[in-house]
Structures are given as structure tokens and as C-alpha cells.
Amino acid sequence: MRDRLVICLVIFNFLNFQSQTIRWQAWGDAAFKAAKESKKPIFLDVGTEWCTACNLMEEKTYTDAGVIKLLNERFICIKADAEAQPDVGSRFLEWGWPALIFLDCNGHQLMALQGNRQPVVFTKILNTFLTNYAKGKLTANKKDYYVVENKENLPLKQLLNKADKQLNSYYDSVYYGWGFNLKIPLYQPIEYSFWQANVNGDKVSFNKAIQSLNKYAKTSDRVCGGVYFGCTSEGDWEGAQPEKRAEYQGGVLNNYAEAYAATKDEKWLFEANLLKNYLLKYLLHKPDSLFYNSQEEYVDLRDLSKTIEPEKYFTLSESERLKYGEPPIDKTLYTDINFRIVRAFLKLYAVTGDSSNLKIANSVAKSVFNNAYLKSGWFKNVIKNLNKTTRMRNLPSDSSQQNIVYLKAQGQAALAMLDLYQFTADSFWLEKCKQLRKVVIEKLYDKAYGGFYSTNLMPVSLGGKKTTTKVVYENALFIRFLIELGDITDSNEDELLITETLNAVGTDKLLQNEERLIADFNLAVNKALNHHLIFTVVSTDFNSPETMQLMKMVTSYYHPQKLMKLETPGHYPDLGKPSLFVCNQNLCSNPLQLNASLEKQITAFIMKQSSSNKD
């Protein structure tokens with residue numbers, strides 16, 4: 001009798017617990033099948049762990065009994081992580097985080113909301129939706145910015161002009177940066193601006209980069225370091241959002257390092273070191289030599305006594321901040337974010353010569369490779385979850401990632417590995433680049449219309465169409481890699497694929513949907529037009545002092561078009577001592593050797609080839 005009572009209590013408690021939580025399902029076939037069978041609409045929540053609004057929704061709204069009851073009884077509920085599933089994140093990015101999406105049982109989008117809602121407000125929204133849904137008053141949104149069923153056939157110059165016009169339209173000439181209301185320290189247009197300044201002699205672009213970086217420094221925490229994700233202050237950079245995303249730490253660190261190389265202004269080196277120290281102190285998981293995903297400054301959104309406006313929080317000293325507790329960190333480890341940071345430390349090494357930065361980059365890259373590289377030849381997206389508290393959104397398992405290729409992770413991995421090859425002359429990284437190129441083309445390239453899918457996992461149909469998402473910046477990252485790989489290996493086998501991809505994702509609807517987030521695309525098209533300068537050091541002994549000194553000089557020489565490699569005589573002659581050849585696609589310098597005027601000789605050649613290109 002007692003055993004039966006215990007069992008009944010367990011069942012009761014389990015059922016009671018079930019009734020007190022939302023029955024979330026994963027993005028995939030099972031949830032959509034359940035919706036069709038039950039004829040219920042779908043409520044989809046897409047967000048991230050670092051998102052403050054997502055945390056508010058989780059802790060305030062999704063714990064409300066009335067909201068739980070409505071969602072469990074009347075909807076099929078899906079929750080997706082925009083970073084762990086970047087194809088889903090990109091598809092709904094226009095709604096911000098959390099993106100609150102209402103679909104019918106066939107996957108047609110009927111309504112979408114941006115940002116969190118308080119329980120009373122959200123309950124009204126749900127009831128109004130259900131009333132209108134039952135009466136058939138809701139019209140499906142037939143726009144689909146991600147399915148490419150045709151492609152442009154434009155010359156690359158025309159494609160670039162269109163993209164540049166769009167990117168420039170978002171430049172704020174009053175407060176600087178790209179975008180007008182919500183300010184974000186976008187690192188991609190800074191990189192593109194430095195490219196334009198040096199490759200095309202565009203002084204306006206150089207000024208844009210420096211003016212914007214001065215504002216980015218205003219989003220830096222002067223006490224603990226790290227740039228905030230954004231400001232919400234009518235576009236004047238005076239406010240602050242509490243999230244410090246590791247991706248942006250890596251991107252802006254890269255910007256600061258390049259600004260120092262371009263100007264020799266020590267303030268940029270100061271800003272770079274402030275960011276570097278933040279990454280190493282707060283976001284590095286030392287046992288794995290990998291960086292966490294993000295940090296927030298809010299501690300507990302449920303306890304208002306431990307919550308403070310971020311603008312006020314950032315004015316406090318480190319000791320004064322401690323009364324609000326330790327800032328929470330999302331300790332998820334991602335492949336793309338860690339490789340983005342690897343590239344930043346390599347850039348910092350190039351401009352400072354500080355070998356500690358090269359050591360960090362090598363250590364992180366090897367750890368990513370050991371923990372995320374699969375025998376099938378690609379990198380899994382989620383490396384590891386080290387959070388001790390329960391995440392808001394489930395992550396894909398290691399077993400499921402054995403079959404899933406995400407373009408975003410492969411693009412960052414490919415660019416970082418190619419950089420590692422250049423800085424270390426280790427052919428291991430070049431071979432892995434070649435293998436990754438082959439796998440991504442085989443798994444993700446659309447032979448019919450061109451361009452790369454965001455993932456090979458496309459089980460879900462939305463509105464009767466497969467979710468064959470093609471993301472502009474993900475394609476741009478991989479195309480940048482293919483151009484760089486082709487230039488450094490002297491191969492043009494991907495030339496047609498590059499042009500077709502840029503046209504496939506360069507359609508008006510895809511570019512316009514990306515708004516200001518297209519700088520990677522602009523840079524990819526510009527690289528396809530102008531290619532690179534290949535700095536080749538030729539030597540019979542890579543470890544000789546003279547070879548190492550020549551490589552050190554080449555590494556520190558600043559030009560955004562530069563790619564470098566170290567090789568034995570063969571393609572270039574053996575001149576009896578280490579020599580440097582600088583070449584573009586049409587022209588090579590005379591052999592250059594280490595001397596006091598070498599830097600001037602390189603600059604003179606680059607200016608000569610630049611003027612010949614204009615002619």
C-alpha cells in the first residue's frame with residue numbers, strides 16, 4: 001500500500017511539474033509532424049543565451065502559469081538556439097532576439113514579434129492570435145528571402161557597386177559607425193574600409209574606419225575590458241547593452257590591431273591590449289585553451305536588488321560591482337567564435353611581433369582542431385557546453401553533429417587555418433584547408449543555382465518549401481577563403497564557382513534583407529576583382545637566422561592585400577640566400593633581399609603595380 005502511495009505521489013509530482021513548464025520541442029521534423037497531426041499552430045522562440053531580452057522572457061513570462069497553460073494546450077512549442085543552429089538564426093534574424101514566430105501547422109509564417117513581452121501582454125497576444133487563427137483571419141507571409149531559385153548574372157564590378165551603395169547608405173556621418181539607432185561595434189565594415197583605403201586609395205574609407213573605431217572605444221568597459229554588444233541611445237553611442245559577445249571581442253581586437261598597423265598610433269595598441277586582457281581573464285577556459293561564448297553584466301533578472309542599469313554599472317569600480325554578484329558567462333564553446341579569435345591574435349602578432357599572441361593563436365587553434373574536427377573532414381559547430389546551470393535552449397548532441405555541416409563554422413575555420421599556414425609555414429594547416437574546401441563544396445554547394453547552403457540538414461518545410469537557407473555573410477566568408485586559397489596556391493579552379501556564388505547570394509532581395517550586415521560580401525567581391533599580393537620567401541633553410549629575420553620583416557609589413565608563404569627553390573630560383581618575391585596575378589617584383597631599404601622597395605613595387613592596374 002505504501003509503495004503504491006509513493007508511486008502515485010511521484011506520478012502526481014511529475015505531472016504537476018509538467019504542467020508548470022512549457023513543453024518545448026526541438027526544431028525538426030518531429031515538432032512539425034506533431035503540429036500537422038494535432039492541427040495546432042506552432043509557436044517558435046529563436047534566441048541566444050547572452051540575450052538579455054531572452055532571459056527576461058525565460059524568467060518572467062515563461063514561468064507564468066497562464067502563459068504555460070495556453071502554450072501547452074493550444075500550441076506546439078519549439079525553441080531554437082540561433083548560434084547552435086545558425087541556419088535557423090539567420091532565417092529569423094530580422095526579428096532580433098528573442099524572435100517570437102507564429103506558424104500554422106504547415107509552416108506558413110502568420111505573425112512575428114521582436115523582443116520580450118511581459119506575461120499579461122503576452123497572454124493577450126496569444127489569445128488574440130488564437131481567435132484570429134480560428135476565424136481564418138491571418139494571412140501567410142509569402143516572402144522568402146533565403147530560397148535562391150534564380151541568380152544574378154552581373155559583372156563583378158556591377159555587383160560590387162550595388163553592394164557598396166547599400167553599405168554606404170547605412171553609414172552614420174554624424175555619429176559614425178554603420179546604422180543609425182541601435183549602435184553595434186560592427187567589425188566587418190572596418191576591415192572592408194581598411195581594404196578599400198589601401199587597395200583602392202580611398203581616403204574616405206580610411207576616415208570612416210578611424211572615426212568609427214573611436215566610437216567603438218566608447219563601448220569598451222574601461223574597468224574590466226571588453227566591448228559591449230550595442231548601445232540604445234538614439235544613435236549617439238552613449239548608452240550600453242550589457243552583453244559582451246566573444247565574437248565581437250575577436251572582431252574588434254582585429255580592428256584595433258589593424259588600426260595600429262595603419263596609423264602607428266599607440267592608442268590602438270592600448271585598446272587592443274585592453275581587449276586581449278579581457279578575453280584572457282574572463283572568457284578563456286584555460287584547461288581547454290578555448291574561449292567562452294559571451295558574458296552579461298546583469299546577474300539575476302529575477303532579483304531586482306541585484307539588477308542595475310548597464311549605463312550605471314559600467315561607471316562603478318570593480319569592487320563596487322561585486323555587490324551585484326559575478327557577471328554570468330555563457331560557457332558554451334563554439335568553433336566559429338574560437339577561430340574568429342584565433343585570427344585576431346594572429347593579426348595582433350603581425351603588428352606587434354609579440355610571440356605570446358602567436359602562442360595563444362596556436363594553442364586555441366590546436367584545441368579547436370582536437371575537440372571539434374571530425375573524421376568526415378569538417379568541424380562540428382558546438383564544441384562543448386561547460387555551463388553548470390541549465391541553458392535556455394538545448395544544444396545538438398555530438399552524435400547528431402556527426403552528420404551536420406554548418407557553413408558558418410567551416411568558413412571561420414578555413415580562414416583561420418589559412419592564416420595559421422601563413423604565420424607558421426606548417427603545411428598541416430594548408431592540407432586541412434584543401435580537405436575542408438572539398439567537403440564543403442561536396443556537401444553544401446548548390447549546383448543548380450549556385451551558392452552554399454547554410455547547412456546540409458534541411459528536414460523542415462516552411463510554407464511548402466524546404467528550408468534551404470543561403471546566408472549572405474556565410475557565403476562571403478567561404479568565398480573569401482576560396483579566393484585566398486586560390487591565390488596562395490596559384491590555382492584558379494574555383495573561379496567560376498566564386499562568380500556564381502557571389503551572383504547567387506548577391507540578388508537584391510538577399511542583400512536588402514541583410515541591411516548593414518553585408519561588409520563581408522563587399523570584401524569578397526572586391527577580393528574577387530583585385531585578388532592579393534603574394535609575398536613568397538624562398539629559402540633552402542627555413543630555420544636559418546637570415547630566413548627567420550626576412551620572414552619577421554614580411555610578417556610585420558602592413559598591407560591588407562598581403563598573403564605570405566615560405567617555400568624552397570623550385571617555382572622561384574635559388575639565389576644562394578633567402579629572397580623575397582612579391583607578386584600579383586600579372587606582375588612579380590625582382591628578387592628582394594634583406595637590407596635596410598627592403599620595406600621601401602616593397603612599397604615602391606606595390607605602388608607601381610597599383611598604378612599599372614588603374615591604367
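Computed over the alpha carbons of the stretch 506-615, Rg followed by Dmax gives 17.4, 57 Å. With Rh defined as the Kirkwood radius, the inverse of the mean 1/r over Cα pairs, the Rg/Rh of the stretch 500-568 is 1.23. Computed in the context of the full set of protein chains, the accessible area of the chain at 1.4 Å probe radius has 50% of its extent on carbon or sulfur. For the chain, the 222 nm mean residue ellipticity estimated from helices alone, with every DSSP H stretch of n ≥ 4 adding -39500 (n - 2.57) and the total spread over all residues, rounds to -15000 deg cm²/dmol. Dividing the mean sequence gap of close Cα pairs (under 8 Å, 6+ apart) by how many residues the chain holds gives a relative contact order of 13 percent. Using only the alpha-carbon atoms, how far is helix 266-278 inclined from the longest principal axis of the chain? Give it as 0 to 90 degrees, nearest 10. Tilt relative to the chain: about 40 degrees. Length gained on full extension, Gln593 to Leu113: 166.6 nm, using 0.36 nm per residue less the C-alpha separation. How far, in degrees from 0 to 90, does helix 188-199 lean away from the longest principal axis of the Cα atoms of the chain, to the nearest 10? Tilt of helix 188-199: around 20 degrees.
Taking 0.36 nm per residue of sequence separation and removing the Cα-Cα distance, the Val174/Lys203 pair yields an extension gain of 8.7 nm.
Each part gets one Cα centre, and for the stretch 307-367 versus the stretch 391-457 those centres are 24 Å apart. Restricting the chymotrypsin sites (Phe, Trp or Tyr not before Pro) of the stretch 88-193 to loop positions (DSSP other than H, G, I, E, B) with no more than 16 neighbouring Cβ atoms within 10 Å leaves Phe180.
Here the dipole of the chain is about 1380 debye; that uses its Cα centre as origin and unit charges on the Cβ of Lys and Arg (positive) and Asp and Glu (negative). Across the stretch 29-87, the mean sequence separation of Cα contacts (distance under 8 Å, 6 or more residues apart), normalised by length, yields a relative contact order of 51 percent. Using the Cβ of Ala80 as centre and a radius below 12 Å, the other residues enclosed give a net charge of -1, where K and R count +1 and D and E count -1.
For semi-axes √(5λ) of the Cα gyration tensor in Å, the choices are [x] 56, 35, 25; [y] 39, 29, 25; [z] 45, 27, 24; which was calculated from the structure? Working out semi-axes √(5λ) of the Cα gyration tensor in Å from the coordinates points to [z]. Scanning the chain for GluC sites (Glu not before Pro) in DSSP loops with at most 16 neighbouring Cβ atoms within 10 Å leaves 239-492 as the longest stretch between them. Helix 65-74 sits at what angle to the longest principal axis of the chain, using alpha carbons and giving 0 to 90 degrees rounded to 10? In the chain, helix 65-74 runs at an angle near 90 degrees to the longest axis. Summary value for the stretch 338-471: 20 percent relative contact order, contacts being C-alpha pairs under 8 angstrom separated by 6+ residues.
How much length, in nm to one decimal, is gained on full extension between Lys608 and Asn161, taken as 0.36 nm per residue of separation minus their Cα-Cα distance? Separation in residues times 0.36 nm, less the Cα-Cα distance, equals 158.4 nm.
Considering only Ser317, Tyr133, Phe206, and ranking their Cα positions along the charge dipole of the chain that arises from unit charges at the beta-carbon of Lys, Arg, Asp and Glu, the one farthest toward the positive end is Tyr133.
The residues of the chain expose, per residue, 44 Å² of accessible area to a 1.4 Å probe. The DSSP beta bridges internal to the chain are antiparallel in roughly 70% of cases.
The values are calculated or read from the model by the stated rules, or taken from the named source; none is laboratory data. Everything numeric in this text was worked out from a predicted model, so none of it was measured. Glycine gets a Cβ as well: all are built from the backbone with ideal geometry, and neighbour counts include every protein chain shown. Each accessible area value is taken on the protein alone, full model and side chains, heavy atoms only, with ligands, DNA and RNA left out. Shrake-Rupley method; radii C 1.70, N 1.55, O 1.52, S 1.80 Å.
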